[in-house]
Amino acid sequence: MNKRTITVITVSILFIITVLLPGHTSAAERKTPRSAPIRETAINDSNVQGLAKKVDEALKKNDFVGTLGPSLKINDFAKDVLSSVKTVRAYYEKAINDPATPQNEKENILLKLRRLEDVEKRYNSIYETSTFNLGYIYAKRGDAERGRKYLSEYIKITPFSVKKDSQWMKAKTLLLELYGLEGEF
């Protein structure tokens, strides 16, 4: 055997030994274990609340990577639903106030308006939660600008709460941190 063949065999054996040694971990294996990624599917009314729950559970495990995409989709979907509800509500109210609309149609529209209120309540809640989550995720990922954007939106759309452990106060405190403001106001 020549020197080159011996060198190739030696290097190959050393490579195989280092790969097969117990306790050897690659850089990918040494990373902090994350929860299973949240499978992104087309969002609709039947799965949006389940996906939001999965995001909340993953956030409790400090998964700020796998939760961003689903949170953005949930937020966009809820915002679109609320926009559509607002448009439909405006047309329904216009029809109710129109003297040319027959009484039986007005009664039917009133029933639909009540159902719209339920949809609006549900999606307001989803939108508020996803907006807070996005502000929190971006803040934890070091993207202060986007974090401030979503947290500012959150404190505008949710009712004020003076309780120190309320979500509103948590958002305000995190927002102040992102602005670098000291003290409390």
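The values are calculated or read from the model by the stated rules, or taken from the named source; none is laboratory data. What you see is a predicted model, and the numbers here were worked out from it, not measured in a lab. For neighbour counting, all protein chains shown are included, and Cβ atoms are generated from backbone atoms with ideal geometry for every residue, glycine included.
Quick notes on this structure:
- Between I155, I137, the distinction of being modelled with pLDDT of 95 or more, in a helix (DSSP H, G or I), under 14 Å from the mean Cα position of the chain (by Cα) and within 23 Å of F64 (Cα to Cα) belongs to I137 only.
- Scanning the range 57-79 turns up at least one residue that is crowded, with 19+ Cβ neighbours inside 10 Å and free of Cβ contacts under 8 Å to residues at least 24 places away in the same chain.
- Taken over the range 84-121, the residue count meeting the criterion of being exposed (fewer than 14 other Cβ atoms within 10 Å of the Cβ) and within 24 Å of K53 (Cβ to Cβ) is 5.
- The condition of being under 29 Å from I43 (Cα atoms), of a type in the set (V, I, T) and in contact (Cβ under 8 Å) with a residue 24 or more places away in the chain holds for only one of T158, T87, that being T158.
Residue-by-condition table, conditions (1) under 20 Å from Y127 (Cα atoms); (2) in contact with an Asp or Glu (Cβ under 8 Å, 6 or more places away or on another chain); (3) at pLDDT below 60:
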residue: T25; (1), (2), (3): no, no, yes
residue: A36; (1), (2), (3): no, no, yes
residue: E40; (1), (2), (3): yes, no, yes
residue: D45; (1), (2), (3): yes, no, no
residue: G50; (1), (2), (3): yes, no, no
residue: K53; (1), (2), (3): yes, no, no
residue: D56; (1), (2), (3): yes, no, no
residue: K60; (1), (2), (3): yes, no, no
residue: L68; (1), (2), (3): yes, no, no
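- Set T87, T129, T101: member being among the β-branched types (V, I, T) and under 13 Å from the mean Cα position of the chain (by Cα): T129
- Check on N124, surrounded by fewer than 19 Cβ atoms within 10 Å (Cβ to Cβ), touching a residue at least 40 places away in the same chain (Cβ under 8 Å) and on the phi < 0 side of the Ramachandran plot: yes
- Within the range 143-162, the set of residues being aliphatic (A, V, I, L, M) and out of contact with any Leu (no Cβ under 6 Å at 6 or more places or on another chain) comprises I155, I157, V162.
- Lone unmet requirement of (1) part of a helix (DSSP H, G or I); (2) more than 30 Å from G142 (Cα to Cα) for N44: (1)
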